[in-house]
Each structure stands twice: as structure tokens, then as C-alpha cells.
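Q: Mind having a look at this structure? Questions to follow.
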Amino acid sequence: MPSFPKPKFSYSFDVDQEIKNLRNHKSKESRLIPKKSPEGLLIATWNIANLGAQKRWAEHYQILAEVVSWFDVIAIQEINQNLEGIRNLESELPSYYNIIMSDKAGNNEHSAFIYDGRKVKLLEMVGEVGIPPKDHRYIKIKGVKSKFTGFDRNPYLASFQWENFTFIPINVHLYFGSNSKKHKERRALEAYAIGRYADLKRRSSNAFSKNVIVLGDFNLPKVDKDDPIYKALTKRGLELPDHSTKVYSNINNDKEYDQIAFLPSLKSKIITQGVFDFDNALFTDLWQSSVKDFKAYLRYYISDHRPLWMQIGL
């Protein structure tokens with residue numbers, strides 16, 4: 001997406017205090033993100049706005065890295081072709097974190113997985129979800145006249161092993177364009193294509209793993225049975241959790257763009273899940289002085305999206 005405007009005002013903060021505030025917020029009963037443990041695997045997704053295109057300070061990367069470090073595997077979207085952002089984020093993480101990344105696609109964006117190499121092992125299958133042109137005819141939705149011609153940003157997948165559990169997370173950033181009918185139909189077709197892909201994998205005797213988890217930015221306005229993107233995404237069996245924190249995934253708190261979707265076979269393994277509203281912990285004095293400036297600062301230096309997370313057990 002186009003970069004957000006750089007704030008024209010100056011603002012200073014104590015990064016150690018901000019990180020302390022984040023840790024306190026994540027420990028609240030209403031937001032509780034579990035500590036890492038051998039009994040659970042913490043999986044997350046975060047669209048970090050225009051990472052590499054917006055010029056953040058070292059202190060901002062420390063804040064981003066603090067949140068990333070709470071999870072065992074996290075999918076990141078909106079990594080700009082200027083890789084300075086992801087490199088700076090990596091430099092603030094402990095050395096046992098590793099990054100794998102896709103090639104750039106639509107909007108000059110990469111997708112990545114950041115993972116704790118002590119907890120999970122990267123397996124052989126890493127790549128992009130590609131649907132052969134001969135199969136495009138199967139990507140169709142009743143009432144939609146548009147034709148599927150491929151993804152704007154090919155979903156990026158990897159395979160991991162935790163203990164005796166193998167799984168394939170698929171990192172998604174669906175096409176947005178605009179709210180025009182044509183662009184909504186394109187988005188719905190992409191959503192259906194992802195759901196179909198996951199369904200085919202769970203039914204295949206040759207699947208590398210049937211434990212497929214689809215996560216990322218679906219540009220989904222609302223989790224509602226009447227929403228066309230939601231219907232397309234879930235038509236082939238993918239399910240979305242009811243988030244315990246009851247907050248939306250954007251800082252305006254009115255959209256459910258980001259999701260973690262799973263097949264029914266994984267439902268019994270989910271221990272807890274939620275959305276982490278970091279904006280209710282950071283830069284409180286800026287919030288008190290100007291809500292407008294506060295949101296402008298967050299969009300540019302942190303993100304306009306909140307992380308989503310899920311803990312699964314064996």
C-alpha cells in the first residue's frame with residue numbers, strides 16, 4: 001500500500017518504559033498472551049505497515065521486535081522491496097530467530113516468516129502457492145462474473161515441525177485495490193482460491209502435511225456470514241476463531257482484515273487466541289495530547305494493524 005505520511009511533529013519517548021508498558025498490557029487477563037512454554041506453540045500474524053518504506057528509528061524497531069519475540073512463528077506482511085526494514089527488525093531480535101522470505105510481488109511487497117529456531121524446525125517445503133492456469137476455471141463463485149487470473153501477491157508457505165507436529169502456515173495478503181465491485185470480486189476469488197487450496201491439501205494422500213494454517217491480511221471488512229470475502233474464504237471448510245479479546249485488527253477498531261484460519265481437524269488443538277491491541281499501551285502521553293497525532297504516529301512508526309495470535313497444543 002502507499003506509505004503513510006510521515007508525522008510533521010517531534011515526539012520523544014523512553015523505549016524501556018514503552019516496552020515495560022507492552023509487557024504489562026499483554027499480561028492483563030483480558031489480553032493474556034501466554035508466555036512461551038514447551039506445552040504450547042504460539043503462532044501469530046502481523047501486517048507491519050510498509051516495513052522498509054517508512055523510516056523508523058532504532059527505538060521503533062526495538063518495540064516491534066519486543067512484540068515479535070513473544071511468538072514462536074509469526075507471519076509478516078507488507079515488507080517493502082527495500083529490505084532495510086526487515087533487516088533492522090532482525091537486528092533487534094535474539095540470534096535464535098530466523099527469517100525466510102518470499103520474492104517481491106504486487107505493490108513491491110515481500111512476505112516473511114520469523115521463527116524461533118529453538119522451538120521449531122524448518123522443513124523442506126518452502127514456496128509460494130501457485131495455481132496452474134489450467135486450474136483457474138475451478139476458481140469460481142456463484143454470482144461473480146470476474147475470472148480468476150492468479151494472485152496479486154502469491155501466498156507464501158513454509159513447513160515446520162514442533163515436537164511430533166508438522167504444519168504448513170500460509171502467509172496471505174489478499175488483493176485490495178478499492179471497494180469497487182470489480183475489486184471486491186477479485187478479492188473474493190483470491191479468498192476462495194486459498195480455501196480451495198487448503199481443502200485439496202487436507203484431502204490429498206500425497207500432502208506434505210494436512211495441518212494447514214492460513215494467516216495474514218485478508219482485507220476482510222467483517223467476519224459475517226453475509227460478507228462475500230468471508231463466504232469465499234470459508235466455503236471449502238476453513239474456519240475462523242472467535243477472538244477472546246473482542247477487538248478488531250486495525251487501530252481504528254472497525255475492521256477485521258487480519259485473520260488466522262484453520263481446518264476443522266486443528267480446532268481441538270487450539271488452546272487460546274486473540275488480538276493484541278498494542279495501541280492501548282504505547283505512547284499514552286501522545287494519546288492524551290492528541291488522538292489524531294497519536295494515530296498518525298502509530299501508522300507511520302509502528303503499524304495500523306494489530307497482531308493476531310493463536311496458541312496450539314499437542
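Q: If you find the alpha carbon centre of the stretch 116-166 and of the stretch 11-69, how far apart are they in angstrom?
A: Distance between centres, Cα-based: 27 Å.
Q: Quick one: which of Lys201/Lys235; Lys222/Lys267; Lys142/Lys225; Lys36/Lys119 span more than 18 angstrom between C-alpha atoms? All intermediate terms of the calculation are to be shown ahead of the outcome.
A: Values: Lys201/Lys235 15 Å; Lys222/Lys267 21 Å; Lys142/Lys225 15 Å; Lys36/Lys119 10 Å.
Distance filter (> 18 Å) returns Lys222/Lys267.
Q: Now for a different question. Report the Cα centroid-to-centroid distance between the stretch 252-288 and the stretch 179-203 in angstrom, as an integer.
A: Cα centres, the stretch 252-288 to the stretch 179-203: 22 Å.
Q: Here is a further query. About the Cα centre of the stretch 15-313, what is the dipole size in debye to 20, counting +1 per Lys and Arg Cβ and -1 per Asp and Glu Cβ, all else neutral? Walk me through the numbers before you get to the answer.
A: Working: 44 positive and 36 negative charges, 283 e Å.
Taking the Cα centre of the stretch 15-313 as origin, the dipole is about 1360 debye.
Q: With the chain treated as a Gaussian network of Cα nodes joined by springs under 10 Å, which of Ile86, Ile271, Ile33 yields the largest mean-square fluctuation?
A: Ile271
Q: Take every Cα pair under 8 Å in the chain that's 6+ residues apart, average their separations, divide by the length, and report that relative contact order as a whole percent. Could the numbers behind the result be given before it?
A: Values: 626 pairs, mean separation 66.5, N = 314.
It rounds to 21 percent for the chain.
Q: Follow-up question, since we're still on this one. Arrange the peptides 152-161, 261-270 so that the one whose residues have, on average, the most other Cβ atoms within 10 Å appears first.
A: Values: 152-161: 21.5, 261-270: 16.3.
So the peptides 152-161, 261-270, ranked by packing, come out 152-161, 261-270.
Q: Let me ask something else. Using Cα-Cα distances under 8 Å and only pairs 6 or more residues apart, what relative contact order does the stretch 127-217 have, in percent? Provide the component values of the computation, followed by the final result.
A: Numbers: 126 pairs, mean separation 25.8, N = 91.
The value is 28 percent.
Q: In the neighborhood of Lys222, defined by Cβ-to-Cβ distances under 12 Å, what is the net charge if each Lys or Arg adds +1 and each Asp or Glu adds -1?
A: Details: positive: Lys225, Lys231, Lys255; negative: Asp224, Asp226, Asp227, Asp254, Glu256.
Computed value for this residue: -2.
Q: With a 10 Å radius around each residue's Cβ, average the other Cβ atoms per peptide and rank 5-11, 94-100, 296-302, 56-62, highest first.
A: Details: 5-11: 10.1, 94-100: 12.9, 296-302: 21.0, 56-62: 17.4.
Listed from highest to lowest mean packing, they are 296-302, 56-62, 94-100, 5-11.
Q: Helix 15-26: angle to the longest alpha-carbon principal axis of the chain, degrees 0 to 90, nearest 10?
A: For 15-26 against the chain, the angle is about 50 degrees.
Q: Something else now. Read phi for every residue in the stretch 265-282 and hand back ³J(HN,Hα) as whole Hz from Karplus 6.51 cos²θ - 1.76 cosθ + 1.60, θ = phi - 60°, with x for Gly and Pro.
A: Whole-Hz 3J(HN,Hα) from phi for the stretch 265-282: 5, 8, 4, 5, 8, 6, 8, 6, 7, x, 10, 9, 8, 4, 5, 8, 10, 8.
Q: Taking the Cβ of His136 as the center, what net charge do the other residues with Cβ under 14 Å away carry, scoring Lys and Arg +1 and Asp and Glu -1? All intermediate terms of the calculation are to be shown ahead of the outcome.
A: Numbers: positive: Lys134, Arg137, Lys140, Lys147, Arg186, Arg196; negative: Asp135, Glu190.
My count for the surroundings of His136 gives +4.
Q: Return the long-range amide H neighbours of Gly150 (sequence gap of 5 or more, or a different chain), with a cut-off of under 5 Å between placed amide H atoms.
A: none
Q: Which Rg and Dmax, in Å, describe the Cα atoms of the stretch 251-314?
A: Spelled out, the Cα radius of gyration and Dmax of the stretch 251-314 are 15.4, 48 Å.
Q: Additional query: Evaluate the Debye formula for the chain with equal point scatterers sitting on the alpha carbons, no solvent, and hand back log10 of I(q)/I(0) at q = 0.07 Å⁻¹, in q order, two decimals.
A: For the requested q values the scattering log ratios are -0.26.
Q: Give, as a single signed number, the net charge of other residues whose beta carbon lies under 9 Å from the beta carbon of Arg236, with Lys and Arg counted +1 and Asp and Glu -1.
A: Values: positive: Arg196, Lys235; negative: Asp199.
Around Arg236, the charge tally is +1.
Q: A follow-up question, please. Kindly write out, for the stretch 32-42 in residue order, the coupling ³J(HN,Hα) from the Karplus curve 6.51 cos²θ - 1.76 cosθ + 1.60 (θ = phi - 60°), rounded to whole Hz, with x marking Gly and Pro.
A: These are the phi-based 3J(HN,Hα) values: 3, 9, x, 6, 4, 8, x, 7, x, 10, 9 Hz.
All of the numbers you see were taken from the coordinates with simple rules; none came from a lab. Bear in mind the structure is a predicted one, so any value in this text is a computation, not a measurement. Glycine also receives a Cβ, built like all others from the backbone with ideal geometry; neighbour counts cover every protein chain displayed.
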